[in-house]
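Just below is one structure, and these are the notes that go with it.
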Amino acid sequence: MERSKRQVHNRLLSTLSARDRALIDPHVETLVLSKGDVLFEPGEDVANVYFPGAGTIASFVLGLRDGTVTEAAMIGQEGAVGGIISHGQKPAFARAVVQIGGGVIRVPAAALEGARQRSVTLRDHFARYADCLLAQVLQSVACNAVHEYDARLARWLLATQDRVGNSRLDVTQQFVSEMLGVQRSYTSKVIHQLEGAGAIEHGRGFIVVKDRKRLTRHACECYGYLRRHYEHLLPGVYPTDERS
Ligand SMILES: [Zn+2]
């Protein structure tokens with residue numbers, strides 16, 4: 001983690017009113033994080049809240065005894081990682097790890113709690129975000145249980161692209177497989193299918209979303225549900241543009 005002077009744009013913060021933003025701004029620190037940086041481990045006190053900037057992605061991952069890890073939620077410029085709703089420094093349940101490095105805004109959890117105590121609208125904004133994050137986890141449970149892997153992978157690529165803001169995603173097939181809890185050979189097969197359909201291209205260590213509309217047709221309905229829930233609860237926070 002390095003301190004940075006560059007501007008970091010997080011949409012959960014940028015959509016706050018000037019008054020609410022002024023409660024948080026004195027406590028803000030900007031950092032650059034690298035892939036693999038761990039923000040907190042299960043059981044650790046959550047001392048800081050991290051607001052990823054455009055292009056940065058962190059995930060809550062759960063590790064099991066057999067060594068496998070799976071992604072429970074993906075957080076980028078639309079959200080925050082840490083005690084956004086709980087009071088004080090509660091122990092973390094999942095590991096929070098940086099998946100795609102970049103700028104992030106860090107705010108001490110105690111300072112954020114102080115700001116929340118002083119503003120009903122700030123509390124409401126973060127409570128709405130917590131609901132969106134819970135929705136993402138709930139939808140993932142249904143998605144993982146019911147939907148085919150090609151639809152889940154297409155959904156994951158769309159969600160990643162939203163947060164990265166670019167058609168090139170610097171992710172390996174091994175990484176995608178781990179996040180979605182499948183064998184790498186299966187991922188490779190499905191990536192070739194999506195490539196054959198003209199939706200994506202891939203190379204060593206990256207995947208390019210070539211035709212977002214086609215990729216959207218392959219994705220399950222979970223992608224649209226979550227996006228609409230976000231837009232309903234927190235207008236202007238989920239990154240959208242003319243891509244789709
Ligand atoms: Zn699904």
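The values are calculated or read from the model by the stated rules, or taken from the named source; none is laboratory data. Bear in mind that the values here come from a model prediction, so they are computed numbers and not experimental data. Glycine also receives a Cβ, built like all others from the backbone with ideal geometry; neighbour counts cover every protein chain displayed.
How do the pairs read when you match residues in the stretch 1-21 that are assigned by TED's automatic domain parsing to the domain that holds residue 80 and in contact (Cβ under 8 Å) with a residue 40 or more places away in the chain with residues anywhere that are surrounded by 11 or more Cβ atoms within 10 Å (Cβ to Cβ) and among the basic types (Lys, Arg), using Cβ under 8 Å and keeping only pairs 6 or more apart or on different chains?
13/21
Take the residues in the stretch 208-220 that are within 16 Å of the ligand (Cβ to nearest atom) and outside any helix (DSSP H, G or I), then tell me which one is nearest to residue 158 (Cα to Cα).
Going through the qualifying residues, I end up with 219.
Answer yes or no as to whether residue 155 is within 15 Å of the chain's Cα centre (by Cα) and either within 16 Å of the ligand (Cβ to nearest atom) or not charged (D, E, K, R) (or both).
yes
Could you tell me which of the residues 238, 186, 223 is among the aromatic types (Phe, Trp, Tyr), in a helix (DSSP H, G or I) and within 18 Å of residue 136 (Cα to Cα)?
Result of the check over 238, 186, 223: 223.
Regarding the stretch 209-216, can at least one residue be identified that is in contact with a helix residue (DSSP H, G or I) (Cβ under 6 Å, 6 or more places away or on another chain) and crowded, with 20+ Cβ neighbours inside 10 Å?
yes
When you go through 20, 66 one by one, which is the residue that is modelled with pLDDT of 85 or more and farther than 19 Å from residue 103 by Cα?
Step by step, each of 20, 66 is checked, and only 20 is modelled with pLDDT of 85 or more and farther than 19 Å from residue 103 by Cα.
Out of 170, 162, which single residue is within 16 Å of the ligand (Cβ to nearest atom), within 18 Å of the chain's Cα centre (by Cα), under 17 Å from residue 57 (Cα atoms) and charged (D, E, K, R)?
The unique qualifying residue is 162.
For every residue, the table says whether it meets (1) surrounded by 15 or more Cβ atoms within 10 Å (Cβ to Cβ); (2) part of a loop (DSSP other than H, G, I, E, B).
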{"residue": "26", "(1), (2)": "no, no"}
{"residue": "65", "(1), (2)": "no, yes"}
{"residue": "79", "(1), (2)": "yes, yes"}
{"residue": "84", "(1), (2)": "yes, yes"}
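The conditions are (1) crowded, with 20+ Cβ neighbours inside 10 Å; (2) touching a Phe, Trp or Tyr at 6+ places or on another chain (Cβ under 9 Å); (3) among the small types (Gly, Ala, Ser), and residue 43 fails exactly one of them. Which is it?
For residue 43, the failing item is (1).
Taking the stated definitions as given, is residue 136 under 26 Å from residue 45 (Cβ atoms), within 16 Å of the ligand (Cβ to nearest atom) and either not basic (Lys, Arg) or not assigned by TED's automatic domain parsing to the domain that holds residue 191 (or both)?
Criteria met by residue 136.
Of all residues in the stretch 189-207, which are exposed (fewer than 15 other Cβ atoms within 10 Å of the Cβ) and in a strand (DSSP E or B)?
203, 206
So which of 53, 36 ends up being in the same structural domain as residue 105 (by TED's automatic domain parsing), under 22 Å from residue 74 (Cβ atoms) and surrounded by fewer than 12 Cβ atoms within 10 Å (Cβ to Cβ)?
Exactly one of 53, 36 is in the same structural domain as residue 105 (by TED's automatic domain parsing), under 22 Å from residue 74 (Cβ atoms) and surrounded by fewer than 12 Cβ atoms within 10 Å (Cβ to Cβ), namely 36.
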